[in-house]
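Colleague: Handing you a structure now.
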Amino acid sequence: MTLEKTFIPAMLEPQLYAAWEASGLLAAGHRPEAQPYTIMMPPPNVTGSLHMGHAFGYTLQDILVRFHRLQGRDVLWQPGTDHAGIATQMVVERQLDQEHLSRRTLGREKFLERVWQWKEESGSTITRQLRRLGASPDWSRERFTMDEGLSAAVRRVFVQLYREELIYRDKRLINWDPKLQTAISDLEVETLEKEGSVYYYRYPIEGDTFITIATTRPETTFGDVAIAVHPEDARYAALIGKKARHPLTGSLIPIIGDLYADPEKFTGAVKITPAHDFNDFEIGRRHNLPLINILDAHACLNENVPDAYQGLDRFTARKKVIEDLEEKGLFDRQETTLIPTPHSDRSGAVIEPWLMDQWYVNAAELAKEAVKAVEDGRTQFVPQFWENTYFEWLRNIQPWCISRQLWWGHRIPAWYGPDGKIFVGMQEEEAQKEADLFYGKPTPLTQDEDVLDTWFSSALWPFSTLGWPEETPELERYYPTDVLVTGHDIIFFWVARMMMMGLHFTKKVPFKTVYINALVRDAKGQKMSKTKGNVIDPLGLMDEYGADALRFTLAALASPGRDVKFSTAQVEGYRNFATKLWNAARFAEMNGCRFDVAFDPEKVTLPLNQWILLHLMTLEQEVTTALEAYKFNEAAHALYHFIWGTFCDWYLEFCKSKFTSDGPEKTETQSTVAFVLSTLLRLLHPFMPYITEALWAHLRPDQGLLMGASWPETVALPKTFKQAKEDMDWVIRMITEVRRVRTASNAPPGAFIPLHLYDTRPDIVRQNEPFVIDRLVRENEDLLLKLARLSEIRAFEGPPSSEATKEAAQGQVGMTTVFLPLAGIIDIQAEKTRLRKELIKAKAETQEMTERLHKSERAPQAIKDLLEERLKKAIFAEREIERAFNSLGGSGD
């Protein structure tokens with residue numbers, strides 16, 4: 001069976017993935033004697049669909065997994081999905097809305113039945129899409145954050161932390177979504193710049209004076225309990241300790257001194273509303289101020305405001321407050337400006353800081369060991385500078401609000417007695433038993449209505465998926481994990497919390513390395529978003545170009561610490577790379593290149609084959625070293641340049657003359673080609689698993705799946721190979737330079753041109769062979785003549801005469817001067833005239849781009865990046881034209 005003419009991903013990918021799954025090679029544990037290697041897949045939301053961020057992160061993880069699998073490790077890539085409390089509940093509630101139902105009308109039990117039904121029918125979309133990408137986790141171990149085992153782990157952690165007094169209930173400010181009717185995490189808050197107003201109005205002070213404040217939320221004025229000024233602000237120093245009269249209620253509130261008040265911002269005086277602003281809440285705690293909540297769950301004003309305002313929507317109340325202040329003559333002015341406004345990224349509603357009873361974790365206590373673990377190197381960040389972000393958050397951590405007012409999620413295992421006393425237990429029976437002992441009689445309990453923050457169960461992911469709290473063999477073997485691959489945006493919300501929980505409950509770090517992958521941006525460097533219309537769908541790219549091309553593009557762009565500028569053109573380019581490899585394999589197959597198990601690279605005799613093998617060994621080391629250091633882009637670039645250039649463009653081209661002959665040279669070359677191709681397929685497999693697996697089946701049909709093969713071992717080749725490498729590298733440089741000079745001189749592509757080489761170096765290396773160039777030409781003349789389209793080659797010692805350089809284009813290869821006599825082939829003077837004109841234009845373009853970039857100091861970064869790129873291209877074009885002009889003997893006039 002021979003290879004098809006073209007590689008069509010859509011035809012082969014499903015078959016190949018099915019073969020991988022059926023093989024059992026994805027499963028952990030089939031190499032019990034091998035060293036384990038573990039990655040925990042960041043669980044995508046069960047509601048999710050594959051986006052570019054997913055594609056990027058999971059591709060990098062799969063590269064690591066396939067690399068270590070080939071290296072013989074016992075690999076566990078633990079997959080699973082997150083129950084995504086808010087997102088999933090919203091999906092099901094939208095379905096109910098279409099049926100003119102609501103979760104309230106269904107009741108909690110029936111609603112949860114609907115959610116589980118949806119999960120069974122639609123919750124596997126993201127895992128099917130991960131298979132399309134080529135991700136190779138151990139699907140037999142797939143977990144779900146709401147499955148029975150993980151739910152038991154969640155309850156165990158909650159109960160233990162509660163009994164250790166590290167979980168507690170408190171009345172604090174939270175991010176409240178008035179549309180979804182729940183608290184949300186900071187990660188679910190998106191701050192948008194919205195056009196709004198700053199309102200200035202006056203508070204009367206004893207003695208017929210006033211103090212003017214500025215606010216963007218005048219509707220919260222009924223929650224004001226103080227006015228703060230900076231202690232060193234001379235304007236207000238005499239007012240500290242006095243009282244101001246509320247402009248609408250007449251109540252007296254103190255004027256306090258606090259460093260939070262900024263003398264340079266607005267009036268320098270700030271109204272303090274501790275129940276509706278996070279900064280004000282902290283000020284209230286410092287000064288022991290009362291907390292007045294003036295909003296209800298729907299963000300309407302409640303019973304703590306005057307009757308005329310009760311029940312008003314917050315934005316309606318804002319207008320009325322301003323109108324009433326104007327009527328009283330206390331309104332000063334209104335200024336329109338852009339205001340950072342927090343929105344729920346789920347519902348789109350404007351978030352309200354709201355005071356309510358919630359469950360909290362004493363994160364500050366848990367953070368202590370998590371900080372130490374990174375400080376002492378038990379866990380390392382790659383790139384290392386991300387540890388600063390980690391430290392910044394953990395060293396300034398606030399209590400973690402873990403309760404959510406939802407029905408879908410892990411219900412809080414806490415029950416309340418009739419007097420509000422809390423009883424916590426793994427199950428209701430445990431809490432009931434404790435309550436009966438406390439009250440001295442059977443007493444009915446009511447379970448807390450809230451569920452736990454999704455991040456709470458996710459924080460247990462590295463060890464709960466391995467069977468904790470049971471001491472399972474999997475937990476013993478695969479924990480701690482080797483590396484976590486994730487984005488910098490969840491260092492706070494997930495990485496740090498996994499560190500805290502892992503260290504507290506297992507006494508070990510959950511992962512030894514945290515690799516922070518970059519953010520995928522569009523080609524202009526802008527963040528992808530639906531509102532901008534610049535979102536790129538990875539599924540569409542895979543449909544058009546195949547999964548391998550997308551994966552290789554992402555790997556090639558994965559430079560540590562730098563965001564990725566992604567474009568479809570890049571994927572198309574790497575699809576062409578896959579096609580190049582496929583065609584090379586077909587060429588090898590058609591020329592009888594079959595793998596020989598007895599092939600010994602150390603015994604190769606032809607310089608051509610010695611040269612490619614020595615380069616191949618260097619490539620093996622480069623790729624291995626790069627992957628071990630998480631330098632995906634360096635490994636990808638090394639593979640790309642070797643396969644496209646060294647192997648396809650040069651080596652296979654050089655091999656053609658050997659394939660047309662008979663005898664040992666042909667046989668050796670056929671075996672060498674097959675050996676090199678076999679090695680390349682294994683090196684490339686982590687990046688492009690589908691095409692390499694398909695080619696492996698043809699090249700090594702007796703070896704089974706490439707996924708189960710072994711990583712190439714670097715062979716220490718004889719030192720004599722080095723001379724062959726140096727010689728062939730010189731041939732390539734010579735052909736490349738001749739081609740460049742021909743193109744720059746505008747010589748006809750089909751013309752056969754003489755080549756004159758001059759080398760005046762005194763040779764100190766080969767005492768018995770003083771004129772090296774002559775030997776190189778004699779030994780490789782057939783290749784030089786054919787591939788550089790030359791009519792003859794002559795090598796000379798000593799400098800060229802003036803006559804020899806006349807009407808000749810000139811180049812340089814090391815210390816060898818290259819002359820191409822072009823008399824009668826092109827009009828030298830006409831060509832110099834043309835190049836002189838092009839050079840003038842190129843210099844003008846460079847100057848213009850330089851000036852435009854200089855003037856763009858205040859332009860958006862995207863514009864500056866574009867101008868910098870255009871300037872680079874202009875400079876390169878100018879240098880190339882100048883080089884061509886000079887090669888024809890031109891001068892700078």
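The values are calculated or read from the model by the stated rules, or taken from the named source; none is laboratory data. Quantities reported herein were computed from a predicted structural model and do not represent experimental measurements. For neighbour counting, all protein chains shown are included, and Cβ atoms are generated from backbone atoms with ideal geometry for every residue, glycine included. Keep in mind that these areas ignore ligands, DNA and RNA; they rest on the heavy atoms of the full protein, side chains included. Shrake-Rupley method; radii C 1.70, N 1.55, O 1.52, S 1.80 Å.
Colleague: Could you list, in sequence order, all residues of segment 584-599 that are in a loop (DSSP other than H, G, I, E, B), open to solvent by less than 50 Å² (accessible area, probe 1.4 Å) and on the phi < 0 side of the Ramachandran plot?
Modeller: The answer is Asn591, Cys593, Phe599.
Colleague: On the given criteria, is Phe158 within 16 Å of Val361 (Cβ to Cβ), open to solvent by less than 40 Å² (accessible area, probe 1.4 Å) and not aliphatic (A, V, I, L, M)?
Modeller: Spelling it out, Phe158 is indeed within 16 Å of Val361 (Cβ to Cβ), open to solvent by less than 40 Å² (accessible area, probe 1.4 Å) and not aliphatic (A, V, I, L, M).
Colleague: Got at least one residue in segment 219-232 being in contact (Cβ under 8 Å) with a residue 60 or more places away in the chain and more than 50 Å from the chain's Cα centre (by Cα)?
Modeller: Within segment 219-232, none of the residues are in contact (Cβ under 8 Å) with a residue 60 or more places away in the chain and more than 50 Å from the chain's Cα centre (by Cα).
Colleague: Looking only at residues that are of a type outside the set (Gly, Ala, Ser) and surrounded by 13 or more Cβ atoms within 10 Å (Cβ to Cβ) in segment 15-29, which one is farthest from Leu541 (Cα to Cα)?
Modeller: Among those residues, the one meeting the criterion is Leu25.
Colleague: Are there any pairs, at least 6 apart or on different chains, whose C-beta atoms fall under 6 Å, with the first in segment 419-448 and open to solvent by 70 Å² or more (accessible area, probe 1.4 Å) and the second part of a helix (DSSP H, G or I) and among the acidic types (Asp, Glu), and if so, which?
Modeller: Pro442/Asp436
Colleague: So, one more: If I go through segment 497-533 residue by residue, how many of them are within 19 Å of Phe158 (Cβ to Cβ) and among the small types (Gly, Ala, Ser)?
Modeller: Number of matching residues: 1.
Colleague: Is there a residue being open to solvent by 30 Å² or more (accessible area, probe 1.4 Å) and among the basic types (Lys, Arg) anywhere in segment 690-709?
Modeller: no
Colleague: How many residues are more than 24 Å from Ile322 (Cβ to Cβ) and among the charged types (D, E, K, R) when one looks only at segment 263-284?
Modeller: 2
Colleague: I want to confirm something. Restricting to segment 630-662 and keeping residues that are without any contact (Cβ under 8 Å) to a residue 40 or more places away in the chain and under 21 Å from Val564 (Cα atoms), which single residue is most open to solvent (accessible area, probe 1.4 Å)?
Modeller: His641
Colleague: Collect the residues in segment 680-716 that are among the polar types (S, T, N, Q), at pLDDT below 95 and not in a helix (DSSP H, G or I), keeping them in residue-number order.
Modeller: Thr714
Colleague: Now, a different point. Please enumerate the residues belonging to segment 249-281 that are crowded, with 20+ Cβ neighbours inside 10 Å, of a type in the set (A, V, I, L, M) and under 14 Å from Phe222 (Cα atoms).
Modeller: Residues satisfying the conditions are Ile272, Ala275.
Colleague: All but one of (1) part of a helix (DSSP H, G or I); (2) open to solvent by less than 10 Å² (accessible area, probe 1.4 Å); (3) at pLDDT below 95 hold for Glu219; which doesn't?
Modeller: All conditions are met except number (3).
Colleague: Could you tell me whether Lys719 is surrounded by 14 or more Cβ atoms within 10 Å (Cβ to Cβ), at pLDDT below 95, out of contact with any Pro (no Cβ under 6 Å at 6 or more places or on another chain) and over 30 Å from Trp20 (Cβ atoms)?
Modeller: no
Colleague: Let me ask you something else. Taking into account only those residues within segment 300-320 that are within 20 Å of Val225 (Cα to Cα) and under 41 Å from the mean Cα position of the chain (by Cα), which is surrounded by the fewest Cβ atoms within 10 Å (Cβ to Cβ)?
Modeller: Cys300
Colleague: While we're looking at this one, here's another question. Quick one: how many residues across segment 600-616 are among the acidic types (Asp, Glu) and not in a helix (DSSP H, G or I)?
Modeller: The qualifying residues number 1.
Colleague: Moving to a separate point now. Just checking, which of Glu365, Glu323 is free of Cβ contacts under 8 Å to residues at least 12 places away in the same chain and open to solvent by 50 Å² or more (accessible area, probe 1.4 Å)?
Modeller: Glu323
Colleague: If we keep just the residues of segment 114-145 that are among the small types (Gly, Ala, Ser) and open to solvent by less than 40 Å² (accessible area, probe 1.4 Å), which is modelled with the lowest pLDDT?
Modeller: So, considering only residues that are among the small types (Gly, Ala, Ser) and open to solvent by less than 40 Å² (accessible area, probe 1.4 Å), the one modelled with the lowest pLDDT is Gly123.
Colleague: Take Leu867 and decide whether it is in contact with a Ser or Thr (Cβ under 9 Å, 6 or more places away or on another chain), in a helix (DSSP H, G or I), farther than 18 Å from Arg739 by Cα and aliphatic (A, V, I, L, M).
Modeller: It is true that Leu867 is in contact with a Ser or Thr (Cβ under 9 Å, 6 or more places away or on another chain), in a helix (DSSP H, G or I), farther than 18 Å from Arg739 by Cα and aliphatic (A, V, I, L, M).
Colleague: Tell me whether segment 873-882 contains one or more residues that are open to solvent by 30 Å² or more (accessible area, probe 1.4 Å), in contact with a strand residue (DSSP E or B) (Cβ under 7 Å, 6 or more places away or on another chain), within 26 Å of Leu757 (Cα to Cα) and in contact (Cβ under 8 Å) with a residue 24 or more places away in the chain.
Modeller: No, segment 873-882 contains no residue that is open to solvent by 30 Å² or more (accessible area, probe 1.4 Å), in contact with a strand residue (DSSP E or B) (Cβ under 7 Å, 6 or more places away or on another chain), within 26 Å of Leu757 (Cα to Cα) and in contact (Cβ under 8 Å) with a residue 24 or more places away in the chain.
Colleague: Could you list, in sequence order, the residues of segment 460-479 that are surrounded by fewer than 20 Cβ atoms within 10 Å (Cβ to Cβ), in a loop (DSSP other than H, G, I, E, B) and touching a residue at least 40 places away in the same chain (Cβ under 8 Å)?
Modeller: Those that are surrounded by fewer than 20 Cβ atoms within 10 Å (Cβ to Cβ), in a loop (DSSP other than H, G, I, E, B) and touching a residue at least 40 places away in the same chain (Cβ under 8 Å): Gly467, Pro469.
Colleague: Turning to a different aspect of this structure: I'd like to check something: does segment 76-88 contain any residue that is in contact with a helix residue (DSSP H, G or I) (Cβ under 7 Å, 6 or more places away or on another chain) and over 20 Å from Leu460 (Cβ atoms)?
Modeller: no
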